[in-house]
Amino acid sequence: MDLPFDLTAGQGAYLAAALFAAAYIRGYSGFGFSAIFIILAALTTNPLPLIPVIFSCEIAMTLFQARGIRAHIDWSRIRPLLIGAAIATVPSVTLMARLGEDQARLAISAVILLLSLVLLSGWQLRRPIGFKGNLSVGILSGMVNSAGVGGLPAAAFLTAQPLAPAVFRATMIVFLTGIDLMALPVMHANGLTGGETLIGVLLAFPILGLGIWAGGLRFSAASQAQFRRVIVVLLTLFSVLNILKVAL
């Protein structure tokens, strides 16, 4: 069977492993799936065609997690976040669709590196941000979601506030699903989706289910703050590797 996007067997095996790792992290922490998979994928192939596949996977993963998160969703934060993301989605996706492979890899890596450093700094807000603050974060998330990392600005701001792990996880899952649902039609309009996108999603689905299940088993058994820090360290490392790959 030929793999989509002209992937070799070796690239396909590598991406399958990366997909499982990213799905495990999503099942465990509620965020990081798109960013981690895309930064890993960019080490071996052009990440742009894979972004719609990952967004579709992100939406599918919510089906696996919906039952356990419903009671913990913070709708007062999600509404302004999604409104802000809706404002920025169309122009940012249109711009990203016109970038070349090296430009896309560099842009994605630079965005992830900057936002990872914010998370690593341990930055904390003195008080919860209101509607306008969440709206601004949503706009930023919508802008960088064209690079597949729309969850990181929201994760940075939610991490900086006193939220229970279950609320953080549930709110991030719903927000990520919302911004991906916004982005996919715009990506299709810009020619970033096609038959290979559907094949990629179908191939990924069983891996997603296994990763989400395994990650969910660990959610209540470990420190969320510590695990999120490990995720951000990995994101920082891979973003630097990608920047060096383009620069050299």
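Loop only per DSSP, at most 14 neighbouring Cβ atoms within 10 Å: give me the trypsin sites (Lys or Arg not before Pro) in the stretch 107-191, ordered by residue number.
Working: sites: Arg126, Lys132, Arg169; in loops: Arg126.
Sites meeting the loop and neighbour criteria: Arg126.
With every protein chain present, what is the per residue accessible area of the stretch 108-248 (1.4 Å probe, Å²)? Mind dumping the intermediate values first?
Details: 6590 Å² over 141 residues.
Dividing the accessible area of the stretch 108-248 by its residue count gives 47 Å².
Sequence-distant contacts, meaning Cα pairs under 8 Å at least 6 residues apart, place the relative contact order of the chain at 38 percent.
Which helices, taking whole DSSP H runs in the chain, have alpha carbons extending 27 angstrom or more along the helix axis plus mean Kyte-Doolittle at least -1.0? Provide the component values of the computation, followed by the final result.
On the way: long enough: 9-29 (30 Å, 0.73); 50-69 (28 Å, 1.42); 75-96 (30 Å, 1.10); 101-120 (28 Å, 1.64); 165-189 (37 Å, 1.41); 195-219 (35 Å, 1.44); 224-247 (34 Å, 1.39).
Result, helices passing both filters: 9-29, 50-69, 75-96, 101-120, 165-189, 195-219, 224-247.
Residue separation of Phe205 and Gln161 scaled by 0.36 nm, minus their Cα-Cα distance, works out to 12.5 nm of gained length. Set against the labelled values [x] 18.3; [y] 17.8; [z] 19.8, Kirkwood radius over Cα pairs in Å computed from this structure falls on [y]. Within the stretch 76-114, the trypsin sites (Lys or Arg not before Pro) that combine a DSSP coil assignment with at most 14 other C-beta atoms in a 10 angstrom radius are Arg98.
The values are calculated or read from the model by the stated rules, or taken from the named source; none is laboratory data. Just so it is clear, the model here is predicted, and its values are computed rather than measured. Note: ideal-geometry Cβ built from the backbone for every residue, glycine included; neighbour counts use all protein chains shown. These accessible areas exclude ligands, DNA and RNA; they are computed on the full protein's heavy atoms, side chains included. Shrake-Rupley method; radii C 1.70, N 1.55, O 1.52, S 1.80 Å.
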